[in-house]
Amino acid sequence: MSAVEAGGEGAGAPSQAIIQVTDLVTHYGDRQILKSVDFSVNRGEIMVVMGGSGSGKSTLLRHLLALEKATSGRIVVDGVDIGSASRKQLTELRKGIGVAFQGGALLSSMSVADNVKLPLRQHTRLNEDTIDIMARLKLELMNLSGCEDLMPAELSGGMLKRTGLARAVVMDPKLLFFDEPSAGLDPVTSVELDDLILKLREAVNITMVVVTHELESAFKIADRITVLFDGEIAKVGTPEEIRACDDERVQNMINRRPRKDPVDANKYLNRLTAGAR
Amino acid sequence: MYELSRHLHYQVLHLHGEVDLNNSPKLREQVLDILEQGQSLLVDFAALTYIDSSGVATLVEGLNVSKGKSLQFGIVGAGGSPLQVLQLTRLDQVFPLFAALDEIKE
């Protein structure tokens, strides 16, 4: 049962959007990646973005983080218009955003504790004793107590993810982006991570955007799911609405059916022979 | 962010509003100052609406210092989001918690 059904605190759809994307169009070179995407995330909700490889979900995430410039459209995150914001405004905005990258993105030359402390040392003037306790609190939360002095190379895949998550939330962000939390994890560790995500939201009402293609995880943690297909939004809805959706593309994804796009014979032939004389 | 009062032999730090990265250093200074003076401390959460990790870390440090000095340290009136934060980090099992000041006797 999702948090929406349960009516739990912090769940559901508070009316105020923390992310509002309007008519977003992006290109890589001549190739259009996102095609007029409208997308919003409400405060306190867990929005899962799903889609196959090349659907545009990672591109959307990079634009929400203001890491890339859009061709057109508008992205407003926590009241800041990303397209017109000054560098100072973006820096301030990013202080309130945590990002847990797919592979953890830890610095290999630093211990687990120093990796987690990094944002606090960079962005605050807190006393080192306070920073140390804050890092240990987050490591406790991620079941990584005792791992403070380990180096990233000594960690398992699950531990890397959890350390990355500890670092992402060490500043108590109001918004957390999580890229493929379950990728590469064994089923038990994956379930533990899902539980941790739900626990975090329950306690601190953090808004999360989780990019994943893991169906089980998505349906467990999401308040709402956005399904991207070939750079377009195929469907936005609660897990129940996604399951009940009659859009063939959505059903193919849920039921793990391979896509059966009609072949444009000429274009296909041109692609195959593009390098031939 | 806070006011001070006395209850029995305790100094009482009444927190109100939000404790976050911006004001927790000031809270830390006050907590450590009270403990340095050899006084036991109660931190009143009744009017506290939000406390972040830096605030929680400050109180953990305070509890640790108080133990080293054989002083008493407790939290009073925790509820809502601040209590949930303590529960999430299992610190509700570490700090002495009291529902109200009148629950605390000499």
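A short reminder: the numbers here are calculations on the coordinates, not readings from a lab. These numbers come from a predicted model, not from an experiment. All Cβ positions, even for glycine, are placed from backbone atoms using ideal geometry, and neighbour counts span all protein chains on display.
Observations
- Normalised contact order of chain B, rounded percent, pairs of Cα under 8 Å and 6 or more residues apart: 26
- Angle in degrees between helix A:112-123 and the longest Cα principal axis of chain A, rounded to the nearest 10: 90
- Too-long pairs where the Cα-Cα distance tops 24 Å, listed order kept, from A:LYS69/A:LYS138; A:LYS235/A:LYS267; A:LYS161/A:LYS199; A:LYS174/A:LYS220: A:LYS69/A:LYS138; A:LYS235/A:LYS267
- Those aspartates and glutamates that a straight Cα-Cα span of less than 18 Å connects to A:LYS88, excepting residues fewer than 8 apart in one chain: A:GLU68, A:ASP78
- Ellipsoid semi-axes in whole angstrom, largest first, where each is sqrt(5λ) of the Cα gyration tensor of region A:119-162: 21, 11, 9
- For B:21-29, mean number of other protein chain Cβ atoms within 10 Å: 3
- Dipole magnitude for the protein assembly as shown: computed about the Cα centre from +1 point charges on Lys and Arg Cβ and -1 point charges on Asp and Glu Cβ, it is near 1320 debye.
- Cα shape, chain B, gyration tensor, a/c 1.5 rule: rounded
- Only helices enter this figure: runs of n ≥ 4 DSSP H residues, each worth -39500 (n - 2.57), summed and divided by the residues of chain A, yield -11000 deg cm²/dmol at 222 nm to the nearest 500.
- In degrees, nearest ten, helix A:157-169 long axis to first principal axis of chain A (Cα): 70
- The protein assembly as shown - share of DSSP beta bridges that are antiparallel (%, nearest 5): 45
- Quotient of the Cα radius of gyration of region A:70-213 and 2.2 N^0.38 Å, N being its number of residues: 1.07.
- Cα centroid separation, region B:1-63 to region A:25-54: 44 Å.
- Scanning residues 5 or more positions from A:VAL49 or on other chains, those with amide H under 5 Å from its amide H are A:VAL210, A:VAL211, A:THR212, A:THR226, with H placed 1.01 Å from N in the peptide plane.
- Computed over the protein assembly as shown, Cα set: Rg, Dmax in Å: 23.9, 94
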